[in-house]
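Take a look at the structure set out below.
The values are calculated or read from the model by the stated rules, or taken from the named source; none is laboratory data. Everything quoted here is computed from the prediction, not taken from an experiment. So basically every Cβ, Gly included, is an ideal-geometry build from the backbone, and we count neighbours across all protein chains shown.
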Amino acid sequence: MHISEGVLSAPVLVAGAALAAGGVAVGLKKMDHEKIPQVAVLSSAFFVASLIHVPVGPSNVHLIINGINGLLLGWLCFPAMLVALGLQAILFQFGGVTVLGVNTVIMALPGVTCYYLFGGLVRHERRLISGVSAFLCGSLAVFLSGILVALSLVFTQESFFSAAMLILVAHLPVMIIEGIITLFCIAFLKRVKPELFGGIHGKPA
Amino acid sequence: MENRHDVQRLPFVLLIASLLIALSNPPALAHKVTIFAWVEGNTVYTESKFMGGNKVRNAQILVFDGEGAQLLAGTTDERGEFSFKVPKLADLTVVLNVGMGHRAEWTITESEIREAAGTSEGKPALKPWQQQAAGLNREEIKELIEDSLDRKLRPIMRMMAESRSRGPSVTEIVGGIGYIFGLMGLALYFRNRIKEKQKDNRDD
C-alpha cells in the first residue's frame, strides 16, 4: 500500500506531510521514557512486516500490522511509522521520500483510529468481546488504509470508487489475515502482560 | 522496576517472530514495481516487473519526451513486455502505471537512441566492390562488432533488469532494524539528560 513517488499531485503531498507532521508532534509529546523502547520495537516490527508476503491467487500482498501498532502505541504510532517508512523508502525503495508524509498518514491514522475504537474493548473481561474487537481492529486498520490510499489518488486521474474497489478487493485477504494475527497477538499479550493494555489507557504501567 | 522491564521486552516477541518469517520467506513480491527499457535498432523494448520478479501484466505504459508531452501509450503483454518504434529522437521517459499508486519509470537518453540507431539501421548491404581484397573497411567492421555486441549483451540487459527487481537483502533489513534501535538509543539518551537536568535543578 505504499504510494510510489511521482503519482500524487503537490497539494496532496503537502497536505499529507502537514498531517503527518501534526501526528508525529502529538506522538512525540506523548512519548515518555518508558515508551521509547516499545515504540522502537513496534517500529521495527512494522519495518519488516511488509516483507512478509501472503500469496493470494495470481497476486500476493504483504502484511501491514498497523492495527496492532495503533492499539499498542496510540498516537505514538505516528513517529514509529514515520521512521519505519522512511527507512523502507531509503533501503527498499518502497514508496519514496516525497510521499513519506502521505504514506505515514495512510498507515498511522487508521492505527490511531483503531486505538480509540478498540483500545477499551480489547481489554474487556469476556474473551469473545475482546477477541472479536481485536480481529476487527486488525482488519479495520487495513480497510481504512485502503480508503486513505483511494482518497489520495482521487486528485490524480483515478476515480475514487474504482480505485477503492480495486484496493479493497486486493486487500481483502490481508484484512482477514491481519485480523487473525491481531487476535492472536492481543490474546497472547493479554495473557502474559495485561499491564500492556492498562498502560496505554491512562493507568500506570 | 522488574515489571517495567517485562513490558518493554514483550513486543520483542512480535518483532522476532515477524523477522523470522520475513527471513525464512525470501522476499517475493511487494508492491514495488520496476520497469527497464533499452533500445535496439529503432525499437525500444521494455520489461516490467514486481519486486521479486513477477511480470506486470496488462499494465499501462506511457511514453513521454523530454518536455513531458505524451508520445504514445500501450499495455504490457502476458510477459510484462512492451515494445515500440522510437517515436521521436529525444530523451524518452517510459512510465509504468499499475494503478493503486504504483508507478515506475525509466529514461532513455537521446544519445542512447542515436547510438542504437546508428549501429543497426541504414546499414547498406555489402556491395561486391567492398568484398574485394581489402575486405571490410573500418566502418563496417565497427558496425558488425556493435551489432553482435548488441545481440550478445541482450541477456545481460535482461539480467540487469531482473536484479533491479530483486527484493531487499538481509543486510538492508538488519541495517534498518539497527537504525531504528540506534534512534531509540538517541531518544533515551536525550530524555535521560533532560531528566537529569531537572533533577539537578531540584537538588540546587
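A few remarks follow.
- Condition broken by A:Glu34, with the remaining ones in (1) modelled with pLDDT under 85; (2) more than 8 Å from chain B (Cβ to nearest Cβ) satisfied: (2)
- Residue check, A:Gly67 more than 8 Å from chain B (Cβ to nearest Cβ), within 22 Å of A:Lys193 (Cβ to Cβ), under 17 Å from the mean Cα position of the chain (by Cα) and small (Gly, Ala, Ser): yes
- Enumeration of residues in the range B:35-58 that are within 12 Å of chain A (Cβ to nearest Cβ), crowded, with 22+ Cβ neighbours inside 10 Å and modelled with pLDDT of 80 or more: B:Ile35, B:Val56
- Within the range B:150-204, considering residues that are more than 7 Å from chain A (Cβ to nearest Cβ) and touching a Ser or Thr at 6+ places or on another chain (Cβ under 6 Å), the one modelled with the highest pLDDT: B:Arg164
- Restricting A:Ala84, A:Ala108 to residues that are within 10 Å of chain B (Cβ to nearest Cβ) and either under 13 Å from A:Gly23 (Cβ atoms) or touching a helix residue (DSSP H, G or I) at 6+ places or on another chain (Cβ under 8 Å) (or both) narrows the list to A:Ala84.
- A:Ala187 being in contact with a helix residue (DSSP H, G or I) (Cβ under 6 Å, 6 or more places away or on another chain) and assigned to a helix (DSSP H, G or I): no
- Single match in A:Gly27, A:Gly74, A:Gly16, A:Gly57 (criterion: on the phi > 0 side of the Ramachandran plot and either in contact with a helix residue (DSSP H, G or I) (Cβ under 8 Å, 6 or more places away or on another chain) or at pLDDT 85 or above (or both)): A:Gly74
- Only a single item in (1) at pLDDT below 85; (2) outside any loop (DSSP other than H, G, I, E, B); (3) crowded, with 20+ Cβ neighbours inside 10 Å is not met by B:Val63, and it is number (1).
- With respect to (1) buried (at least 22 other Cβ atoms within 10 Å of the Cβ); (2) of a type in the set (Val, Ile, Thr); (3) under 16 Å from A:Leu148 (Cβ atoms), the lone exception for A:Val41 is condition (3).
- Only one of A:His33, A:His62 that is surrounded by fewer than 24 Cβ atoms within 10 Å (Cβ to Cβ) and under 21 Å from A:Leu183 (Cα atoms): A:His62
- Restricting attention to the range B:83-105 and to residues that are within 14 Å of chain A (Cβ to nearest Cβ), part of a strand (DSSP E or B) and not aliphatic (A, V, I, L, M), the residue that is farthest from the chain's Cα centre (by Cα) turns out to be B:Gly99.
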